[in-house]
Amino acid sequence: MAMTMKTEGLAELSSRISRLADKAELVAKKSLFKGAGVVADAFGQAVSSIKTEPFQGKKDMRLPSPEEKGALVGRTGIAVFKGTGSEINTLIGVTEAGGYTYIGGRKVAVREIARSINSGTSFMQKQPVFRRAASKAKTSATQEMIREADEIFEEIINGSG
Amino acid sequence: MIYEELVAGLQAIEGVRFAEYEWKTRPAGDFGTVQLDFEAAVENGDDCKVHRAWEGSVDLFTHGQNDTAVEAVEDVLTEICGSSWELNSIQYERETRLIHREFVFQIEAR
């Protein structure tokens, strides 16, 4: 049995498909932004799970002080997006706006505090809260990126994007 | 358990003392810690966890570059974890003048 298929409006469809290619980078950036946002939110929540103890002077092994933990509150987020060739990257973590803080009268980079807590030091027990948060948020971040990309593609194909 | 093999392998390295999780008192020479951090992946089947992977870390603290110790740690990780590990960071601690290398690995939980 033979069947004939007829398609109309191919020129319009073709034009919309070509717009997909033009907007590919934009779609990738918007999707990455959505996914990065999910991980950044998880990082924000991770800060609250950091265990602390009051600073009791130098000792062989200690937990972060409440001041060190406090320096990270509200300072996690998404850093600048950078494109290199076919890749689009961003940094999620303690933002550049995190800057410096003063702990016990000493100027300390907020990122250094975050790294010390996440990776530990020879005198501070590690609490890999950011690595754990990134791992746990990976699936939902990927889903969010796919959902965002689908939504933009749909807008372009429907002619509203 | 594979993790226990990893701990034993690290503790057998000459010239570096390894403990699980932490040292209450910092050793004088080069030293390290190994620990499991969290469940990194899981495959479910028949209402139970069929396969699980842990993510963990090895922290190596050396007073100098100590390439021999670094290579020994990497050899143990390769032997036990295959290619499922990476050198996550290298930091210099100003306070103690130690070089801190953090290796992150994933290992099958069984």
Restricting segment A:115-145 to residues that are hydrophobic (A, V, I, L, M, F, W, C) and assigned to a helix (DSSP H, G or I), the one farthest from A:K29 (Cα to Cα) turns out to be A:I117
When segment B:58-73 is checked residue by residue, the ones that are exposed (fewer than 12 other Cβ atoms within 10 Å of the Cβ) and not acidic (D, E) are B:G64, B:Q65
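Would you point out the residue of segment A:43-69, among those that are β-branched (V, I, T) and surrounded by 17 or more Cβ atoms within 10 Å (Cβ to Cβ), that is farthest from A:S122 (Cα to Cα)? Talk me through it step by step, then tell me what you get.
In the first step, residues of segment A:43-69 are kept if they are β-branched (V, I, T); the result is A:47, A:50, A:52.
Next, only the ones that are surrounded by 17 or more Cβ atoms within 10 Å (Cβ to Cβ) stay: A:47, A:50.
Numbers: A:V47: 21, A:I50: 18 Å.
Residue satisfying both the conditions and the ranking: A:V47.
Among the listed residues A:E155, A:E148, A:E68, A:E112, which satisfies the condition of being away from chain B (no Cβ under 14 Å), without any contact (Cβ under 8 Å) to a residue 24 or more places away in the chain and part of a helix (DSSP H, G or I)?
Numbers: A:E148 fails: without any contact (Cβ under 8 Å) to a residue 24 or more places away in the chain; A:E68 fails: without any contact (Cβ under 8 Å) to a residue 24 or more places away in the chain; A:E112 fails: away from chain B (no Cβ under 14 Å).
A:E155 is the lone residue from the list that is away from chain B (no Cβ under 14 Å), without any contact (Cβ under 8 Å) to a residue 24 or more places away in the chain and part of a helix (DSSP H, G or I).
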For segment B:1-31, what are the residues that are without any contact (Cβ under 8 Å) to a residue 60 or more places away in the chain, away from every other protein chain (no Cβ under 14 Å), surrounded by 15 or more Cβ atoms within 10 Å (Cβ to Cβ) and farther than 16 Å from B:A109 by Cα?
B:Q11
If you go through segment A:125-161 one residue at a time, how many are more than 14 Å from B:F38 (Cα to Cα) and touching an Asp or Glu at 6+ places or on another chain (Cβ under 8 Å)?
2
Just for segment A:88-109: of the residues that are assigned to a helix (DSSP H, G or I) and either surrounded by fewer than 20 Cβ atoms within 10 Å (Cβ to Cβ) or touching a strand residue (DSSP E or B) at 6+ places or on another chain (Cβ under 6 Å) (or both), which one is farthest from the other protein chains (Cβ to nearest Cβ)?
A:A97
Any residue at all in segment B:85-102 that is without any contact (Cβ under 8 Å) to a residue 40 or more places away in the chain, over 16 Å from the mean Cα position of the chain (by Cα), away from chain A (no Cβ under 14 Å) and surrounded by fewer than 12 Cβ atoms within 10 Å (Cβ to Cβ)?
no
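Could you tell me whether segment A:127-136 includes any residue that is at positive phi and either within 14 Å of chain B (Cβ to nearest Cβ) or free of Cβ contacts under 8 Å to residues at least 40 places away in the same chain (or both)?
Step one: filter segment A:127-136 for residues at positive phi, giving none.
No: zero hits.
Determine if segment B:57-73 includes at least one residue that is β-branched (V, I, T), under 11 Å from B:F103 (Cβ atoms) and not in a strand (DSSP E or B). Can you show your working first?
Within segment B:57-73, the subset β-branched (V, I, T) is B:58, B:62, B:68, B:70, B:73.
Checking which are under 11 Å from B:F103 (Cβ atoms) leaves us with B:58, B:70, B:73.
Cutting the leftovers down to not in a strand (DSSP E or B) gives us B:70, B:73.
Scanning segment B:57-73, I find at least one residue that is β-branched (V, I, T), under 11 Å from B:F103 (Cβ atoms) and not in a strand (DSSP E or B), so the answer is yes.
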Screening B:V34, B:V76 for residues that are surrounded by 14 or more Cβ atoms within 10 Å (Cβ to Cβ), outside any loop (DSSP other than H, G, I, E, B), within 11 Å of the chain's Cα centre (by Cα) and more than 14 Å from chain A (Cβ to nearest Cβ) leaves only B:V76
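So that you can scan it fast, the table gives a plain yes or no per residue for (1) touching a Leu at 6+ places or on another chain (Cβ under 9 Å); (2) of a type outside the set (F, W, Y); (3) modelled with pLDDT of 90 or more:
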{"position": "A:P66", "(1), (2), (3)": "no, yes, yes"}
{"position": "A:F81", "(1), (2), (3)": "yes, no, no"}
{"position": "A:G85", "(1), (2), (3)": "no, yes, no"}
{"position": "A:L91", "(1), (2), (3)": "no, yes, no"}
{"position": "A:G104", "(1), (2), (3)": "no, yes, no"}
{"position": "A:I117", "(1), (2), (3)": "yes, yes, yes"}
{"position": "A:S122", "(1), (2), (3)": "yes, yes, yes"}
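The values are calculated or read from the model by the stated rules, or taken from the named source; none is laboratory data. Bear in mind the structure is a predicted one, so any value in this text is a computation, not a measurement. No Cβ is skipped: glycine too gets one built from the backbone with ideal geometry, and neighbour counts run over all protein chains shown.
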